[in-house]
Amino acid sequence: MFTVLVYKSRSVKQLVGDELAALVDAAAEKNQKNAISGVLLYDGDYFLQYLEGPDIAIKLLYHLITLDDRHRNVVKLMEDFSPARRFGGWSMYCIDVQKVYGEDIYALLSEGATFNSGESLPDHDRVIKLITAFATSRWSDGERTLHAEDWQFQPQPSPFDVVNPARIQQAACQFAFQPIVSPLTGLISSIEALIRSPSGGTPRQCFEGLSAEELYVFDLESKQHALALASQMQLGPIKLSINLLPMSLVRVPNAVEKLLSYIAQFDFKPQQIIVEITEQESIANFDDFQRAIRELRLAGISVSIDDFGAGFAGLTLLSKFQPEKLKVDRLIVENIHKDGPKQAIVRALIECAHALGITIVAEGVETVEEWCWLQSAGVDLFQGFLFAKPMLNGVAPIQWPVQT
Ligand SMILES: Cc1cc2nc3c(=O)[nH]c(=O)nc-3n(C[C@H](O)[C@H](O)[C@H](O)COP(=O)(O)O)c2cc1C
């Protein structure tokens, strides 16, 4: 069993003359000692490398490669296992893409193929496809306009009032608030109310012990408390996002009517409210759900799909109903700057959202590198610890990026 890995990266400067050969010769010598084989492609700007060998050796080498300052934007496209080596005889075969232009890459690779004891390379093989695509089309990772090293973050005090929860009658839950921001314009898009248990614990702790029906009622009624708190914060024109389980809209009688009465009770306008649909369970009765969404929209409330890409919040839901905003789940955002599959998914999502007039929000953004990748790719709205952590009864100071 061998570990196989493919990554791409961008050369810091164009390698001229023998520089590429020197890099490849040193790599080949070291790989030979470590039982690693593979192929390196270079097109004068980008590298694509395929590595195969013992798991520990590949992981260690990849770690060293990510630290090498001769290239940047190192993005893993694939890591998998293989029963056999594809290129056992090549400790590091180099393809200078500019020199092989127009040649049959598959034939070139077949010369070194050791796959399945001399059998020919399968043409549907992912590795062969990645290598061939790199060698035959102009590769680009999109213009990465933002670089982490160019930015510093400076806190600005929150413009909102802190709430005194004692002024509100004893509730079975609390709320923490977190802003959703547009970092390059310095604007706050909305404030999300996140439910917490009476002792400040997680939503799960807050919902513990409730039956499904009790949960839906509690989910809806807790929004009264969120609105009561938010009404003390002086949000001005900034919108308030509240979360609702889709089944709360379906199972609680007159759910939309009740929500609208809470909104009016605390002097909000429906246009100031965004309902984030958190689909943790499949929607049992889609017609009733769609009716509730229609009622929300008719009243002026906008809708967002939360945690998109996790659990049930996926393409089927998006194909059936298109929200104003789509929040990409934190698990997709995490380490996106070095993860090829996540980048491909988010690029496709951005294109899809653009075609449908939907705004993408990236949630769970924790590092400057994640923000730079997402902002360069075309995401405009962000939520996460990098900008502000959720804070009970108020909004924490917001960290805004400043170019150095
Ligand atoms: C594009 C690129 C590909 C590389 N490929 C390999 C490789 O296949 N094997 C290797 O040992 N080093 C490779 N390196 C070099 C490593 O990043 C690192 O410099 C080297 O493993 C350190 O070896 P040392 O600790 O023996 O000095 C590559 C570097 C670059 C920029």
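The values are calculated or read from the model by the stated rules, or taken from the named source; none is laboratory data. A quick note: this is a predicted structure, and the numbers were derived from the prediction, not measured. We place every Cβ from the backbone using ideal geometry, glycine too, and count neighbours over all the protein chains shown. Only protein heavy atoms, including side chains, enter the accessible area calculation; ligands, DNA and RNA are left aside. Shrake-Rupley method; radii C 1.70, N 1.55, O 1.52, S 1.80 Å.
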In debye to the nearest 20, the charge dipole size for region 148-403, taken about the Cα centre with +1 at each Lys and Arg Cβ and -1 at each Asp and Glu Cβ, equals 420 debye
Note on the chain: alpha-carbon gyration tensor, axes a ≥ b ≥ c; rule is a/c under 1.5 for rounded, else prolate if a/b larger than b/c, else oblate; result prolate
Taking r as the C-beta separation of Ala133 and Arg72 and R0 as 22 Å, the FRET efficiency to the nearest 0.05 is 0.55
Residues meeting the amide H criterion for Phe47 (H placed from the backbone, H to H distance under 5 Å, 5 or more places apart or on another chain) are Ser9, Arg10, Ser11
On the formula 1/(1 + (r/R0)^6), with r taken between the Cβ atoms of Asp45 and Arg294 and R0 of 45 Å, the FRET efficiency rounded to 0.05 is 0.35
Amide H contacts under 5 Å for Tyr93, restricted to residues at least 5 apart in sequence or on another chain and with H modeled in the peptide plane, are Gly38, Val39, Leu40
Which of Ala388, Ala193, Ala148 fluctuates most in a GNM of the chain (C-alpha springs under 10 Å)? That residue is Ala148
Packing-ranked peptide list from 89-96, 353-360, 48-55, highest mean Cβ count within 10 angstrom first, is 48-55, 89-96, 353-360
Between Gln154 and Thr202, the two model label points (7 Å from Cα along the beta-carbon direction) sit apart by a distance in nm of 3.7 nm
Heads up, region 286-404 by the C-alpha gyration tensor (a ≥ b ≥ c square roots of eigenvalues; a/c under 1.5 rounded, else a/b over b/c prolate, else oblate) looks oblate
The local net charge around Ala57, scoring Lys/Arg +1 and Asp/Glu -1 for residues other than Ala57 whose Cβ lies under 14 Å from its Cβ, equals +1
Net charge (Lys, Arg +1; Asp, Glu -1) of residues whose beta-carbon lies under 10 Å from that of Gln280, Gln280 excluded, is -4
Computed over the chain: longest principal axis from alpha-carbon atoms vs helix 286-299 long axis, angle to nearest 10 degrees, is 70 degrees
The ³J(HN,Hα) series, computed from each phi in region 241-250 with the Karplus coefficients 6.51, -1.76 and 1.60 at θ = phi - 60°, rounded to the nearest Hz and given as x for glycine or proline, is 9, 10, 9, 9, 6, x, 6, 5, 6, 8
For the chain, the accessible surface attributable to carbon and sulfur atoms (probe 1.4 angstrom, ligands and nucleic acids excluded) amounts in percent to 52 percent
Residue by residue through region 393-403, the couplings from Karplus 6.51 cos²θ - 1.76 cosθ + 1.60 with θ = phi - 60°, in Hz, x for Gly and Pro, are 6, x, 10, 5, x, 9, 8, 9, x, 10, 6
If unit charges are put on Cβ atoms (+1 for Lys and Arg, -1 for Asp and Glu) and the dipole of the chain is taken about its Cα centre, the option from Gly357, Gln178, Leu121 lying farthest towards the positive end turns out to be Gln178
